[in-house]
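Let me begin by presenting the structure, written as structure tokens, before commenting on it.
The values are calculated or read from the model by the stated rules, or taken from the named source; none is laboratory data. Please read these numbers as outputs of a predicted model, since none were measured by experiment. All Cβ positions, even for glycine, are placed from backbone atoms using ideal geometry, and neighbour counts span all protein chains on display. Only protein heavy atoms, including side chains, enter the accessible area calculation; ligands, DNA and RNA are left aside. Shrake-Rupley method; radii C 1.70, N 1.55, O 1.52, S 1.80 Å.
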Amino acid sequence: MSDYAHPDVLVSTDWVSHHLADTANVRVIESNEDILLYATGHLHNAVHVDWTNDLQDPDVRDYISTKQFERLCSRLGIHEDTTVVFYGDKSNWWACYAFWTFKMFGHKDCRIMDGGRAKWVAEGRVMTTDVPTFESADYDASEPDTSIRAFRDDVMNHMKDGGQMVDVRSPQEYIGEVTHMAGYPQEGALRGGHIPGASNVPWSRAAGEDGTFKSRDELEAIYLEEQGLNPKEDMIAYCRIGERSSHTWFVLKYLLGFENVRNYDGSWTEWGNLVGAPIEKGEPDEN
Amino acid sequence: MTDRLREIIDEFQSAPDEFRVEMLLERARQFPPLPEKYRALREKGLGRVHECMAEVYFFPEVKDGAVRIHSDIPGEAPTQRALVGILMEAYDGASPEAVAQIPPDLLRQLGIAPLLGVQRQQGFSGIVSRLQHSIAEASS
């Protein structure tokens, strides 16, 4: 892990197992695709944060307010200086999404447990169904940090400037052929394809078979050499709803040291429905 | 709607909110194993529901106009195990026409739509339409 640009944000299952009892300084958060998974068993002293019920506003398509974030942290016993470690299912998709959301609200010390829940289980480590409770904390959050979040107008301007973007969905979604497949639910987008100028690197290429992140050399071979992306230039990552792209956002920013990466959480379910938004279909070299 | 589905909906509706989660977990735990005869197909990746982020596999049978749904879903996807488990039980022995009429608002009727949120509800409707599609194919 030490080769990464910011190695301190990634912790091992061993590190976590040695810090589970340190609840005064460390809070471990499980975030999953599956809403029931935490209840079937989780790490000792780990709390549950659900991406939809805890982090998103139920009415407006947006995140919770700063006040609600403060209440969430207070309920979970998280102080401004608590080390918060995220892990979850799906090679840490949702852990990265929760990490990104916590960063947006200015939480300083966030980490990801490399390999996520699956690695912990595969190593035969202890799980529990006991739900811990902690003394509520006073938490003073910052206003959301939009330097890591791209809105649609930011993306439009970035596209017009020829800025670098990565579409982390599957090649079929990127090419735009999924809209033509019989019986395929559209999941809320009226048009298929990708934002002009975006390269296609499915998020999963950054993860190994055991769900851990690939080494820095392997990641550089993909993002820098194969795709020709420049860590010094502005970068935007997107997917369908911003979850898979928060995984790639984490990889680019913390493992490869890209200086300015934003996650476009509106992603394809916004762009593919936006009246007048330009769309490219097919492979990039076909256009 | 089948009689069994009506009974399951009644059970969920009469339960308090916090108990519904436990009812789903119980169903996830009791999800039946995939019959041996489908193991090889499953290993080859056949029957996969590609619309779903979880690894959901369907092997539907239609014999003499009666449906039987076999499925394989990993333990890491307890929500899908619970929901598909409800469909397997509710439509066991039903006609393909009955499967084609699975209520589109089933999750709301079960009282669990708010728990799941919009995107997970969409994921489940993808599973239902794939199931309906595969049963229509198996019965034609």
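Residues in segment B:54-67 that are within 14 Å of chain A (Cβ to nearest Cβ) and surrounded by 19 or more Cβ atoms within 10 Å (Cβ to Cβ): B:A54, B:V56, B:F58. Could you tell me whether any residue of segment A:66-89 is touching a residue at least 60 places away in the same chain (Cβ under 8 Å), open to solvent by 10 Å² or more (accessible area, probe 1.4 Å) and within 14 Å of chain B (Cβ to nearest Cβ)? Checked against the condition, which is being touching a residue at least 60 places away in the same chain (Cβ under 8 Å), open to solvent by 10 Å² or more (accessible area, probe 1.4 Å) and within 14 Å of chain B (Cβ to nearest Cβ), segment A:66-89 yields no hits at all. Before we move on, is A:V126 over 19 Å from the mean Cα position of the chain (by Cα), away from chain B (no Cβ under 14 Å), at pLDDT 95 or above and surrounded by fewer than 16 Cβ atoms within 10 Å (Cβ to Cβ)? Here the answer is yes, as A:V126 does meet what is asked. Residues of segment B:5-25 that are among the charged types (D, E, K, R) and open to solvent by less than 70 Å² (accessible area, probe 1.4 Å): B:R20 alone.
Kindly evaluate B:E76 against the criterion of being without any contact (Cβ under 8 Å) to a residue 24 or more places away in the chain and open to solvent by 10 Å² or more (accessible area, probe 1.4 Å). Taking the combined requirement at face value, the residue satisfies it. Say we look at segment B:10-69 and pick out the residues that are in a helix (DSSP H, G or I) and in contact (Cβ under 8 Å) with a residue 60 or more places away in the chain; which of these is farthest from B:E97 (Cα to Cα)? Looking at residues that are in a helix (DSSP H, G or I) and in contact (Cβ under 8 Å) with a residue 60 or more places away in the chain, I get B:D17.
Hey, among the residues in segment A:53-65 that are part of a loop (DSSP other than H, G, I, E, B) and over 30 Å from A:V126 (Cβ atoms), which one's farthest from the other protein chains (Cβ to nearest Cβ)? Per the stated criteria, the residue is A:S65. I'm trying to understand the selection: among the residues of segment B:94-140, which are among the aliphatic types (A, V, I, L, M), touching a helix residue (DSSP H, G or I) at 6+ places or on another chain (Cβ under 8 Å) and at the interface with another protein chain (Cβ under 9 Å from one of its Cβ atoms)? Answer for segment B:94-140, where residues must be among the aliphatic types (A, V, I, L, M), touching a helix residue (DSSP H, G or I) at 6+ places or on another chain (Cβ under 8 Å) and at the interface with another protein chain (Cβ under 9 Å from one of its Cβ atoms): B:L115, B:L116. The set of residues from segment A:21-44 being more than 12 Å from chain B (Cβ to nearest Cβ) and surrounded by fewer than 18 Cβ atoms within 10 Å (Cβ to Cβ) comprises A:A21, A:D22, A:T23, A:A24, A:N25, A:H44. Screening B:H70 with (1) open to solvent by less than 40 Å² (accessible area, probe 1.4 Å); (2) within 14 Å of chain A (Cβ to nearest Cβ); (3) within 25 Å of B:K37 (Cβ to Cβ) gives one miss only, at (2). Looking across A:D3, A:D50, one residue alone is within 14 Å of another protein chain (Cβ to nearest Cβ), assigned to a loop (DSSP other than H, G, I, E, B) and either without any contact (Cβ under 8 Å) to a residue 24 or more places away in the chain or loosely packed, with under 15 Cβ neighbours inside 10 Å (or both). It is A:D50.
Taken over segment A:226-255, residues that are open to solvent by 10 Å² or more (accessible area, probe 1.4 Å) and aliphatic (A, V, I, L, M) amount to 2. Restricted to helices (runs of 4 or more DSSP H) entirely inside segment A:207-287, those with at least 1 residues that are farther than 28 Å from A:V121 by Cβ are A:216-220, A:267-271. Of the conditions (1) at pLDDT 90 or above; (2) assigned to a helix (DSSP H, G or I); (3) open to solvent by 50 Å² or more (accessible area, probe 1.4 Å), B:V118 fails just one. Which one is it? The number of the failed condition is (1).
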